Structures are given as C-alpha cells and as structure tokens.
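The values are calculated or read from the model by the stated rules, or taken from the named source; none is laboratory data. Note that the structure is predicted; figures quoted are calculated from it, not measured. Counting neighbours? That spans all protein chains shown, and the Cβs are built from the backbone with ideal geometry, glycine included.
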Amino acid sequence: VSDSPPCPIIARRSAYVLDLEPGTYLWCACGRSSTQPFCDGSHADSGLQPISFEVTRRSGTQWLCGCKHSRHPPHCDGFHNRLKE
Ligand code: FES
C-alpha cells in the first residue's frame, strides 16, 4: 500500500492548442483518455478526476495541458519543459 498521491500519465509533452466552441468541457487529468485532451472516462480507478471548464465566446484559443503536470490545469503553464524522462 502506497501513500503517494495518484500520478497522471504524460499524454504528450506539449499543449493542445485548440479553438473551441462555447460550452463546458472535461479536461483529462489522468492522461489515460484516448480522446485527448478531453475525458473519455478512463480515469476510473486512477484516483484522479477530470477538470470541468467553461469556454465563453471571448475565451479565445485554449492552451490545454497535455503533460498533465501543469500547476494551473487545465491550461499549460510551461511545466512540461521541466519534466524528467
Ligand atoms: S503541456 Fe503540461 S504544462 Fe505544458
């Protein structure tokens, strides 16, 4: 039994840069989804939950974290550049 917090899988080491229609989206936090960067339900048993976010007409281009280690999810904060192998 481990006390370490659940760790996401790195889906990719860069942001997903997307122009999204207004609406509510679920960003994959576990890295297991096959519909990156969005949740497909694969987080079950991972100990991680997707993050819901809103896109409004004025939100503009979204830079969504692909490495799943951003300190400001669901958005990329550049942390992917600091990930070790
Ligand atoms: S893709 Fe995760 S911080 Fe940039």
Please find, within the range 53-77, the residue that is farthest from the ligand (Cβ to nearest atom) out of those that are part of a loop (DSSP other than H, G, I, E, B) and more than 16 Å from Cys30 (Cα to Cα). Arg57
For residues that are at pLDDT 95 or above and among the small types (Gly, Ala, Ser), scanning just the range 47-85, find the one that is farthest from the chain's Cα centre (by Cα). Gly47
Close pairs (6 angstrom Cβ cut-off, 6 or more residues apart or separate chains): under 29 Å from Arg58 (Cβ atoms) in the range 20-44, exposed (fewer than 13 other Cβ atoms within 10 Å of the Cβ) anywhere: Pro22/Thr56; Pro22/Arg57; Thr24/Glu54; Leu26/Ser52; Asp40/Ser34
Of all residues in the range 1-42 being surrounded by 13 or more Cβ atoms within 10 Å (Cβ to Cβ) and β-branched (Val, Ile, Thr), the one that is farthest from the ligand (Cβ to nearest atom): Ile9
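Taking the condition of being β-branched (Val, Ile, Thr), assigned to a loop (DSSP other than H, G, I, E, B) and over 12 Å from Ser70 (Cα atoms), how many residues in the range 1-20 meet it?
Here is the first cut: in the range 1-20, the residues β-branched (Val, Ile, Thr) are 1, 9-10, 17.
Those left that are additionally assigned to a loop (DSSP other than H, G, I, E, B): 1, 9-10.
Remaining after also requiring over 12 Å from Ser70 (Cα atoms): 1, 9.
Residues flagged as β-branched (Val, Ile, Thr), assigned to a loop (DSSP other than H, G, I, E, B) and over 12 Å from Ser70 (Cα atoms) within the range 1-20 amount to 2.
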